[in-house]
Number of protein chains: 2
Amino acid sequence: MSSNPLKPIAQTLKFTEPLRLQSGAQIRDYHLIYETYGTLNADKSNAVLICHALNASHHVAGENEKGDTGWWDNMVGSGKPVDTDKFFVVGVNNLGSCFGSTGPMHANPDTGKIYGADFPVVTVEDWVDAQKRLMHALGIEQWAAVMGGSLGGMQAMAWSVRYPECVRHCVAIASTTHLSAQNIAFNDVARQAILSDPNFHGGHFYEHGVVPTNGLRVARMIGHITYLSDDDMADKFGRELRPIEQGQIREGYRFDYGVDFEIESYLHYQGDKFATYFDANTYLLITKALDYFDLAQAGRTPVRENDLDLSTVLQQSQAEYLVISFTTDWRFSPEHSHDLVQALVKNQRKVTYAEIDAPHGHDAFLLTDERYHNVVRAYFNNISVGGAQ
Amino acid sequence: MSSNPLKPIAQTLKFTEPLRLQSGAQIRDYHLIYETYGTLNADKSNAVLICHALNASHHVAGENEKGDTGWWDNMVGSGKPVDTDKFFVVGVNNLGSCFGSTGPMHANPDTGKIYGADFPVVTVEDWVDAQKRLMHALGIEQWAAVMGGSLGGMQAMAWSVRYPECVRHCVAIASTTHLSAQNIAFNDVARQAILSDPNFHGGHFYEHGVVPTNGLRVARMIGHITYLSDDDMADKFGRELRPIEQGQIREGYRFDYGVDFEIESYLHYQGDKFATYFDANTYLLITKALDYFDLAQAGRTPVRENDLDLSTVLQQSQAEYLVISFTTDWRFSPEHSHDLVQALVKNQRKVTYAEIDAPHGHDAFLLTDERYHNVVRAYFNNISVGGAQ
């Protein structure tokens, strides 16, 4: 076990061949940015792909050149649950993101102008197709595992049915096979906040030199409420009032529309911060990718009701599954995972399911929790013993 | 039992004496608009006050002059659970509302200008104080019952501890003794959407001839999601796509940021409709009244942590209580009602508690459900037999 912290260097791969998207549109002359951790073994059997969720990137682990720690650094690294002493781990930034891969703030090769709102709506399946090209470029024929939390888990599931021969293990954490009406409703309201911000300019705000900050801020606040559990919010903030200044306790309400409660202060901070770095067009397209995902349809267009069911689609898969949910996650509650597990069992697929009793809601998949990490560690140890080395 | 439908006529009562508010501010030369149903008996012992929630008014039951049916017409009327053949029912519109009583769109007598954002922030306790003046003006010394759902239930509870001698029965439905951090968070985001709409103009949009429609629309959509249960949304909308036109089924996704799903269409409709009639300043102040309410503090200012507890405050009450919650209400879940019931039991107060297994979330308190209505009917029958007639 190496004690050196990971110092990944982001790499860029350019693709000239057009990628046909699920919408029918194509994207060409695009690039993907990625990082790798650990060493690919001789038979190239120890590669793990980590897929990211809404607000994350290719920078999964270690400390990058800017000094930023990766978003899943507690999960991926030397001696960690996904052990980079054993596995060659790939983190990739998805198309349409605002963290490096081709996205709405890049130039459209057809017009020479910034894409903005003209960047095509991409789906989970489109991301998987782009990731497959990266896989081949890295000389990998099959992933030991594809893994992700939330939206990242959807990509892992999509891999397992879209390219069954390329995935030995599918690890889907705090995820779902499809969004519920309530999930879609929250995404919709967040989008409406952005779309109706006068600074959005129909998605072409770059050329106006402005940012739809208010819309992004409200969108993030809505999202953030759904990432935390009710209990966790109660424990952390309750009805505590915000001090007037550091150490100066407020003795009663303000009786105006400023910040009374700590929870408001926290949400405003989260919203303000997010609006400084996240792209509004990226927010729109990622939430659409979430809404559109439906594993039972396995990327088919047009989507038809009752055309297929989850169990039928999973017959295509050859992978073994690790599915993990968290008891207080009300965004993608354990019931969402049960649907997947039941369909896998029905198809006599190998599946390990863990429902972790954790207080932190949806965000739990990013946090350090010994029981959760031990489940992942044990699973990856088995993969490694099973011939990944 | 009369078979004539109620045909209430709204009445207005002007108050010249200033009302001191919890904030320390005063409001003078205000009016309250109200309706009454049924007949006050000789000893004035059969009066019931109905308090309204966010999006409602004094028009509780029957058909008014505009032909609009009251918001609780399934609950209040001849032969209905709150039977107007036995009870004299009063519906009152609260201060700060946009449905008739003095509010932000009225003139401030001190300046002659429209209040707008200068309308004082009022609390549940302030509303109760104003309602008490109305009670006296109607020649009533004690309510047989004060009753409300959601925010209306908070007013009923506040009455029972603020004016114990004036309330024989307190009926609190789908309500809470205080908002949770998550409840406050949702209100906060809704307010931020309004406050950051450029058409809000710091609350003085009336003089600009505009309405912060986008902010109101987003605020209402957020609220609406919290009124419905996850299951109810799934049953009603699921992942159904919106037809392109009437009868024309969509065969796949749009791949743009228009409306794909029925749930989006429904929310937009609700948001658009609300923005045409509801006042933005009223929305802000009512959500603040919700956030500020804390029965354990019983309207004390400043609010101090641990100064008082619910059980201590309820020792002041002389009323009997009917408390009702709904299993799928996740805005004010049954746990919120349990807190109240436990504190009442601890104080050996008479309390009837019903937890109704209903699928419709928070909105259930407004809907017709036989078991729910039978509980209310039986309770009011007992009040009536007990000497209200």
Requested in this report: Look through region A:337-376, keep the residues that are in a loop (DSSP other than H, G, I, E, B) and in contact (Cβ under 8 Å) with a residue 60 or more places away in the chain, and return whichever of them is surrounded by the fewest Cβ atoms within 10 Å (Cβ to Cβ).
Outcome: A:T368
Query - Total residues in region A:211-221, condition open to solvent by less than 10 Å² (accessible area, probe 1.4 Å) and either at the interface with chain B (Cβ under 7 Å from one of its Cβ atoms) or touching an Asp or Glu at 6+ places or on another chain (Cβ under 7 Å) (or both) - result: 4
Query - Some residue of region A:58-77 being polar (S, T, N, Q), open to solvent by 10 Å² or more (accessible area, probe 1.4 Å), modelled with pLDDT of 95 or more and touching a Gly at 6+ places or on another chain (Cβ under 9 Å) - result: yes
Requested in this report: Go over the candidates A:V124, A:V82, A:V92, A:V161 one by one and state the one that is more than 30 Å from A:G209 (Cα to Cα), touching a residue at least 40 places away in the same chain (Cβ under 8 Å) and touching a Ser or Thr at 6+ places or on another chain (Cβ under 8 Å).
Outcome: A:V161
Requested in this report: For region B:69-92, indicate whether the set of residues that are within 21 Å of B:G152 (Cα to Cα) and basic (K, R) is non-empty.
Outcome: yes
Report task. Please find, among A:H169, A:H178, the residue that is within 20 Å of A:H373 (Cα to Cα), touching a helix residue (DSSP H, G or I) at 6+ places or on another chain (Cβ under 8 Å) and touching a residue at least 12 places away in the same chain (Cβ under 8 Å). Result -> A:H169
Query - Unmet criterion (only one of (1) more than 14 Å from chain B (Cβ to nearest Cβ); (2) within 19 Å of A:L340 (Cβ to Cβ); (3) in a helix (DSSP H, G or I)) for A:A172 - result: (3)
Query raised in the report: Yes or no: B:V48 part of a strand (DSSP E or B) and touching a Leu at 6+ places or on another chain (Cβ under 7 Å)?
Result: no
Query raised in the report: Which residue out of A:H268, A:H208, A:H224, A:H204 is touching a residue at least 40 places away in the same chain (Cβ under 8 Å) and open to solvent by 30 Å² or more (accessible area, probe 1.4 Å)?
Result: A:H204
Query raised in the report: Yes or no: B:A144 more than 14 Å from chain A (Cβ to nearest Cβ) and either under 25 Å from B:T102 (Cα atoms) or of a type in the set (A, V, I, L, M, F, W, C) (or both)?
Result: yes
Requested in this report: Keeping to region A:195-216, report how many residues are among the small types (G, A, S) and assigned to a helix (DSSP H, G or I).
Outcome: 3
Requested in this report: Answer yes or no as to whether A:T282 is of a type in the set (V, I, T) and open to solvent by 10 Å² or more (accessible area, probe 1.4 Å).
Outcome: no
Report task. Return a yes/no flag: does region A:179-194 have any residue that is in a loop (DSSP other than H, G, I, E, B), away from every other protein chain (no Cβ under 14 Å) and open to solvent by less than 20 Å² (accessible area, probe 1.4 Å). Result -> no
Query raised in the report: Out of all the residues in region A:6-25, is one or more touching a strand residue (DSSP E or B) at 6+ places or on another chain (Cβ under 6 Å), of a type in the set (A, V, I, L, M, F, W, C) and buried (at least 22 other Cβ atoms within 10 Å of the Cβ)?
Result: yes
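A quick yes/no check of all residues on (1) assigned to a helix (DSSP H, G or I); (2) away from chain B (no Cβ under 11 Å):
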residue	(1), (2)
A:R239	no, no
A:P243	no, yes
A:F255	no, no
A:V259	no, no
A:I263	yes, no
A:Y266	yes, no
A:T276	yes, yes
A:L284	yes, no
A:K288	yes, no
Query raised in the report: If you check every pair at least six apart or on different chains, which have Cβ atoms under 6 Å apart with a residue in region A:19-34 that is within 14 Å of another protein chain (Cβ to nearest Cβ) first and a residue that is in a loop (DSSP other than H, G, I, E, B) and surrounded by fewer than 16 Cβ atoms within 10 Å (Cβ to Cβ) second?
Result: A:Q26/A:P18
Requested in this report: Considering every residue within region B:128-147, establish whether at least one is within 20 Å of B:H336 (Cα to Cα), within 17 Å of the chain's Cα centre (by Cα) and crowded, with 24+ Cβ neighbours inside 10 Å.
Outcome: yes
Query raised in the report: Out of region B:267-284, which residues are touching a Cys at 6+ places or on another chain (Cβ under 8 Å) and closer than 22 Å to A:F186 by Cβ?
Result: B:F278
Requested in this report: Mind listing just one residue for me: the one in region B:82-127 that is over 30 Å from B:V375 (Cα atoms) and part of a strand (DSSP E or B) and, of those, most open to solvent (accessible area, probe 1.4 Å)?
Outcome: B:I114
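The values are calculated or read from the model by the stated rules, or taken from the named source; none is laboratory data. Just so it is clear, the structure is predicted and the values come from calculations on it, not from any experiment. Don't worry about glycine lacking a Cβ; one is built from the backbone with ideal geometry, like all the others, and counts go over all protein chains shown. The accessibility values were calculated without ligands, DNA or RNA, using every heavy atom of the protein model including side chains. Shrake-Rupley method; radii C 1.70, N 1.55, O 1.52, S 1.80 Å.
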